[in-house]
Amino acid sequence: MTHTATQVRGLVEVVDEHHPEAERVPVLTRARSGTSIMVDTEKTERIRERVRGLLSEGRVEYFIGYEAGSDPLHVSPSFVQQTDEVEHLVWNLMSINNLVTYLKRYRKQRMGLLVKGCDSRSVIELLKLHQVKRENVYLLGVPCTGILDPKKVAARCNPAAILAIREDHDLVFIEVGVEGRTDEPQVLEFEKHDLLFDKCRSCDYPNPLVYDELVGDPVPVRARVGGKFEDVEHLEQSSIEERLSFWQEQFNKCIRCYACKNVCPMCFCAECLWEKRDPQWVTKYPNPNDTFTFHMIRAYHMVGRCTGCMECERVCPVDIPLGTIFKKIEKDCLELFDYQPGLELDVVPPLSTFDEGDQSQEDLLR
Ligand code: SF4
Ligand code: SF4
Ligand code: SF4
C-alpha cells in the first residue's frame, strides 16, 4: 500500500558519492510515464532488502521510507506494508522529510523507519518524553552526506527542464534539457554546499545517534559553512522594538495553515490547543494577535524539545523563517541549561527536572 502520488514530470538521476566501488552510480531514475524505475545501487538495494526482511519476518507492520515524488526535486514519504511494495523505496539527494513525525500517529504499531542523523535526534527526544516505545520502532539508519534544497536548485535552473542530477564528491552536476534539442542536454556544475539545505551546511550529526542497523558506512562530519546561530546572533544585535517589528512583519504573512505544527515530530499533544473549539483559545482566522499567540506559545512548548530538524521552516508556504525562532530557543537552552535535545537518552530535559541550584525566575528574566 503506497499513499503517495507518483505523477512525474521529469526524470532525475542521483548519484551516491559514498558508494565504495564507483564514483558515479545512478540511484534513481524516473520515467516520464509516471512510474519510478530504480537503477541498482548499494544503498537503495540494501534498504529494500532489509525492509523486505523486516516485513516478511513480521518484525514490523509498516515501514516508512521515501519514494519518488511528484517532481524531480522532491521525494514523498512511502508507507510500505507488503513485501511487493518494497520496490517503491528509494534513497537519493532529495530525501529530506523527517519521517519521525509519523511515529506519533502510529505509536501503537510496530513501525520501521528510515532515519538520518538529524531525524534520529527526534526519536531520542520522543523516547525520553515517553511518546514512543523503543521496542515498537525498528530504525534503519542512513549515514547522510547532505540533502539538496529544492529552492536553491530551482533558483539556479528551471526545475521543469531538469533531466538528471549527479554528485561527484563536492560537486553537483545538473543536466537540463535544451529547448528543441533532445540529444544534447546542458550540464550545469555547482559546488554541493551551495545547494544544500542550510541545516546540512552546519550538520554536527550526519550519522544516526540511535538505530537498529545502519545502511552504509558512517560518514565524516562535513566542514561547517558559516556559524550555526548566525541569523540568531544577527537578530540579537537589534533592539527589542526592531525584533518585534521584524517578527510582526513575518507573522503578518502567516495564513495559520498549521503545516509547521503538523509536520513537527515534537508537537504531539493528542488534543491540540489550537484546534480546540471549547474553550476556543484562538479564532479560526489568522488575525494578528492570535497568530502571534500561536507562534509564541508553540515556541515555548518547544523549549528543550526542538531538535532543530527545520521541518517547520521547510514546509511553511509563505517562507517565514521559523527556524530562527527555534535556533534561538536551542541557543538559549544550551547557554542556560547546557542542554541540547536529542543527543543522549539518559539526560533528562531541563524542563522535566528541578534543582535547588537552578537560577531563579528573576535571574532568567534579567
Ligand atoms: S542535517 Fe545532517 S543528517 Fe540531516 S539531512 Fe542534513 S546532513 Fe543529513
Ligand atoms: S506553516 Fe507558515 S503559514 Fe502555516 S501556520 Fe506555520 S508559519 Fe503560518
Ligand atoms: S519546531 Fe521545527 S525545528 Fe523544532 S522539532 Fe519541530 S519541526 Fe523541527
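Bear in mind that the values in this text are calculations on the coordinates, not laboratory data. Owing to the predicted nature of the structure, the values given are computational and were not obtained by experimental measurement. A quick note on method: Cβ atoms are made from the backbone with ideal geometry, for glycine too, and the neighbour counts reach across all protein chains shown.
Is the shape of the stretch 80-120 best called rounded, prolate or oblate, per the rule: a/c under 1.5 gives rounded, else a/b larger than b/c gives prolate, else oblate, with a ≥ b ≥ c the square roots of the Cα gyration tensor eigenvalues?
oblate
If contacts are Cα pairs under 8 angstrom and at least 6 residues apart, what is the relative contact order of the chain in percent?
15
What FRET efficiency comes out for the pair residue 231/residue 204, r = Cβ-Cβ distance, R0 = 25 Å, nearest 0.05?
So, using R0 = 25 Å, E works out to roughly 0.90.
Residue 158 to residue 297: extension gain in nm, 0.36 nm per residue of separation minus the Cα-Cα distance?
This chain segment gains 46.2 nm when fully extended.
Using helices alone, what [θ] at 222 nm do you get for the chain, with -39,500 (n - 2.57) per DSSP H run of 4 or more residues, divided over all residues and rounded to the nearest 500?
-8000 deg cm²/dmol
If the only charges are +1 at each Lys and Arg Cβ and -1 at each Asp and Glu Cβ, what is the size of the charge dipole of the stretch 230-358 around the Cα centre, to the nearest 20 debye?
That gives a dipole near 860 debye.
Rank by packing, highest mean first: peptides 186-198, 297-309, with packing defined as the count of other Cβ atoms within 10 Å averaged across residues.
297-309, 186-198
Please report the orientation-averaged projected area of the chain, defined via the convex hull of its C-alpha atoms, in nm².
Dividing the Cα hull surface by four gives the mean projection, 20.8 nm².
Cut-off under 26 Å on the C-alpha distance; same-chain residues fewer than 8 positions from residue 253 excluded. Which lysines are left, in chain and number order?
Those lysines meeting the cut-off are 151, 152, 199, 228, 261, 276, 284, 327, 328, 331.
Classify the stretch 230-358 from the C-alpha gyration tensor, please: rounded if a/c falls under 1.5, else prolate or oblate depending on whether a/b exceeds b/c.
Cα axes put the stretch 230-358 in the oblate bin.
Take every Cα pair under 8 Å in the stretch 230-358 that's 6+ residues apart, average their separations, divide by the length, and report that relative contact order as a whole percent.
Worked out over the stretch 230-358, it gives 27 percent.
Figure the gain on full extension for residue 343 and residue 277 (residue separation times 0.36 nm, minus the Cα-Cα span) and round it to one decimal in nm.
Full extension from residue 343 to residue 277 adds 20.1 nm.
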